[in-house]
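Input: a single structure, listed below in structure tokens.
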Amino acid sequence: MSQIARSLQETRARLERAARAAERDPAAIRLLAVSKTKPASAIREAYAAGQRDFGENYVQELVAKAEELADLPDLRWHFIGHLQTNKAKLAATVAGTIHSVDSARLAAELGRRAGGRSAPLVVLVEVNVGGEAQKSGCSVEQLGEVLDAVAAQPHLQLAGLMTVPPHTEDPEGARPFFRRLAELRDQHGGASRLPELSMGMTHDLEVAIAEGATQVRVGTAIFGARS
Ligand SMILES: *Cc1c(COP(=O)(O)O)cnc(C)c1O
């Protein structure tokens, strides 16, 4: 078994343990393998081990890898990085899901660019729950407006919320931010409108699952450290 296959197996086991500890169904939590900076060959290895959902942060890199891996038709690309409006067209062409919509303007542009797709583009709205100046994501105050802008677009499917909490040494430090994202979901239509909560990474996926994550985005634990 390759190192990546082994790491994937360990990560899936982590996810399942965390789900059971939270009395949740592990099958209701999707594992995204975050492959940014890693070569297409690493993605191929993960794919061979059964992984289908991959997260990328940079549009150029996503497009290049999607071309290289076009022979893997059921591979699902998730865009999780900061998205500039001028890259919306490319992202909307290649990705199935965008986790990082953070303005009404970006939602409108994606909606315009998603018209040629065979299926709606799935969209999550990223919230800067910690209010950090350097982080992307809309503010808590802007969230309602951004959600409405996504919902107004017929070629976009509003699916949920995403966040990256402020970094803390102790993964428990992320808990209040994950909990806040779940509260925001409840305040903006609940799970029927916003079924997905994209939160939790290598460092804190157990805490995220305990707080209701439906998608965890894991890079380092699967592919190793990034240089
Ligand atoms: C890089 C990245 C991840 C994965 O982080 P790891 O700590 O390597 O698991 C998850 N989400 C986002 C938005 C990222 O940029």
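Which of rounded, prolate or oblate describes the range 47-174 when judged by the alpha-carbon gyration tensor and an a/c cut-off of 1.5?
In terms of gyration-tensor shape, oblate.
Pull out a ≥ b ≥ c, the square roots of the eigenvalues of the alpha-carbon gyration tensor of the range 1-99, then state rounded if a/c is under 1.5, prolate if not and a/b is larger than b/c, and oblate in the remaining case.
oblate
Count the lysine pairs in the chain whose Cα atoms lie under 22 Å apart, taking only pairs 8 or more positions apart in sequence or on different chains.
Counting lysine pairs in the chain gives 9.
Once every DSSP H run of n ≥ 4 in the chain is given -39500 (n - 2.57) and the sum is divided by its residues, what mean residue ellipticity at 222 nm do you get, rounded to the nearest 500 deg cm²/dmol?
Calculated from helices alone, the mean residue ellipticity at 222 nm is -11500 deg cm²/dmol.
Loop only by DSSP, 14 or fewer other Cβ within 10 Å of the Cβ. Give me the GluC sites (Glu not before Pro) in the range 131-227 that pass, ordered by residue number.
GLU132, GLU141, GLU169
Given +1 on the Cβ of Lys and Arg, -1 on the Cβ of Asp and Glu, and no further charges, what dipole in debye does the chain carry about its Cα centre, rounded to the nearest 20?
460
So how do HIS78, HIS99, HIS203 line up by other beta-carbon neighbours within 10 Å, fewest first?
Fewest-to-most Cβ neighbours within 10 Å comes out as HIS203, HIS78, HIS99.
Taking a ≥ b ≥ c as the square roots of the eigenvalues of the Cα gyration tensor of the range 53-99, is the shape rounded (a/c under 1.5), prolate (a/b larger than b/c) or oblate?
prolate
What is the range 35-177's relative contact order, in percent, from Cα pairs under 8 angstrom and six or more apart in sequence?
Result for the range 35-177 is 18 percent.
Equivalent ellipsoid semi-axes for the chain, as square roots of 5 times the alpha carbon gyration tensor eigenvalues: give them largest first, rounded to whole Å.
The equivalent ellipsoid of the chain has semi-axes of 25, 23, 15 Å.
Give the relative contact order (percent, whole number) for the range 142-205; include only Cα pairs under 8 Å separated by 6+ residues.
Reported relative contact order: 38 percent.
If you stretched the chain out fully between GLU169 and ARG24, how much longer would it get, using 0.36 nm times the residue separation minus the C-alpha to C-alpha distance?
Result: 49.6 nm gained on full extension.
FYI, it's all coordinate maths here, none of it is from the lab. Here the structure is a predicted model, which means the values were calculated and not measured. Here the Cβ is made from the backbone with ideal geometry for all residues, glycine too, and neighbour counts use every protein chain on show.
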